[in-house]
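Participant: Mind having a look at this structure? Questions to follow.
The values are calculated or read from the model by the stated rules, or taken from the named source; none is laboratory data. Please read these numbers as outputs of a predicted model, since none were measured by experiment. Neighbour counts are summed over all protein chains in view; Cβ atoms, including those assigned to glycine, are modelled from backbone coordinates with ideal geometry. What goes into the accessible areas is simple: the full protein's heavy atoms, side chains included, and nothing from ligands, DNA or RNA. Shrake-Rupley method; radii C 1.70, N 1.55, O 1.52, S 1.80 Å.
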Amino acid sequence: MPPLPFNLPPVPPLPFYIHPLIFWSIVLVIGILFAVTFLRFLFAPPEERTGALVIFVLMVVGVVLLYAVVLNAPFIIYHFKRLTHPIFRW
């Protein structure tokens, strides 16, 4: 790990290895996107609030789906290999 001026928090248990700096960078970018979309919803004119809320809700749904895929990655890989076995001969 490169020397940093502080210690990064530990990465939560994941089914695959990811460098802590990359993981927390991804978390930071997602957090900034959440903040920007939520503030766009809060400060939008009344006629544009529905569109801003739809974008925010779609972001929340996307992050929840990404979380579900990461938690179930071994099962997804297993089923993918099982489905594609006749084609690729794994």
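Participant: Shape verdict for region 20-66, please, from the Cα gyration tensor: rounded (a/c under 1.5), prolate (a/b greater than b/c) or oblate.
Facilitator: Verdict is oblate for region 20-66.
Participant: Here is a follow-up. Take each complete run of DSSP H in the chain, measure how far its Cα atoms stretch along the helix's own axis, and keep only those covering 30 Å or more with mean Kyte-Doolittle hydropathy at least -0.5; list them.
Facilitator: Numbers: long enough: 20-42 (33 Å, 2.33); 49-71 (33 Å, 2.53).
Those that pass (Cα extent of 30 Å or more, hydropathy at least -0.5) are 20-42, 49-71.
Participant: At L21 and F80, where each label point lies 7 Å from the Cα along Cα→Cβ, what is the point-to-point distance in nanometres?
Facilitator: 2.7 nm
Participant: Just the accessible area per residue of the chain, please: how many Å² with a 1.4 Å probe? Don't skip to the end; give the middle numbers.
Facilitator: Details: 7410 Å² over 90 residues.
Accessible area per residue, the chain: 82 Å².
Participant: Here is a follow-up. State, to one decimal in nm, how far the label point of L28 lies from the label point of F43, with both points 7 Å from Cα in the Cβ direction.
Facilitator: It is 2.2 nm.
Participant: Springs between alpha-carbon pairs under 10 angstrom, Gaussian network model over the chain: which of P20, P74, P12 fluctuates most?
Facilitator: The residue with the greatest mean-square fluctuation here is P12.
Participant: Let me ask something else. Can you give the Rg to Rh ratio for region 51-90, taking only C-alpha atoms and Rh from Kirkwood?
Facilitator: Reported Rg/Rh, Kirkwood definition of Rh: 1.29.
Participant: Turning to a different aspect of this structure: How would you classify region 6-46 from its alpha-carbon gyration tensor, with a ≥ b ≥ c the square roots of the eigenvalues: rounded for a/c under 1.5, else prolate if a/b is greater than b/c, otherwise oblate? The partial results should precede the final answer.
Facilitator: Values: a/c = 4.36, a/b = 2.87, b/c = 1.52.
In terms of gyration-tensor shape, prolate.
Participant: Could I ask something else about it? Over region 4-82, with every protein chain in place, what whole percent of the accessible area is carbon and sulfur at 1.4 Å, could you tell me?
Facilitator: That fraction is 79 percent.
Participant: Using a cut-off of under 15 Å, list every residue of region 29-54 whose amide N is near the label point 7 Å from the Cα of L14 along the Cα-to-beta-carbon line.
Facilitator: 29-31
Participant: Tell me whether the chain comes out rounded, prolate or oblate; compute the Cα gyration tensor, take square roots of the eigenvalues as a ≥ b ≥ c, and use a/c under 1.5 as the rounded threshold.
Facilitator: Cα axes put the chain in the oblate bin.
Participant: What accessible surface, in Å², does a 1.4 Å probe find on F34, ignoring ligands, DNA and RNA and rounding to the nearest 10?
Facilitator: Spelled out: F34, probe radius 1.4 Å, area about 50 Å².
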